[in-house]
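**Student:** Below are the structure tokens for one structure; questions will follow.
The values are calculated or read from the model by the stated rules, or taken from the named source; none is laboratory data. Keep in mind it's a predicted model, so treat the numbers as computed, not measured. Because the Cβ atoms are built from the backbone with ideal geometry, glycine has one as well, and the counts that use them run over all protein chains shown.
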Amino acid sequence: MTLKYGDFYKKIGANISKYRKLKNLKQEDLANMVGISYSYMTQIEAPNVVKKMSLEVLLDIANVLEVDIKDLIL
């Protein structure tokens, strides 16, 4: 299945991964802090998977990573 904005979601996932690593967090740690499953977190960050996420999840991730949401989507 391809998504209309697949490349955009992949970019967001890559940015989440970048900022997570800068905070020295594991995927499992970030998932727990955000309140999502580890499996969902790995799919969000996977470069070969297009995983949709809600605005609420994206805002929660930005909050935990202490970055502006624009840093995740640009």
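**Student:** Would you check which residues across the range 37-62 are touching an Asp or Glu at 6+ places or on another chain (Cβ under 9 Å) and of a type in the set (A, V, I, L, M, F, W, C) and list them?
**Tutor:** Met41, Val50, Ala62
**Student:** While we're on this one: Got a number for residues in the range 1-36 being closer than 16 Å to Leu59 by Cα and over 12 Å from the mean Cα position of the chain (by Cα)?
**Tutor:** Looking only at that region, the number is 3.
**Student:** If only one of Tyr5, Tyr9 is surrounded by fewer than 16 Cβ atoms within 10 Å (Cβ to Cβ) and hydroxyl-bearing (Ser, Thr, Tyr), which one is it?
**Tutor:** It is Tyr5.
**Student:** For the range 50-72, give me the residue count where each residue is at pLDDT below 95 and surrounded by 14 or more Cβ atoms within 10 Å (Cβ to Cβ).
**Tutor:** 3
**Student:** Which of the residues spanning the range 20-34 are in contact with an Asp or Glu (Cβ under 7 Å, 6 or more places away or on another chain) and not aliphatic (A, V, I, L, M)?
**Tutor:** Gln27
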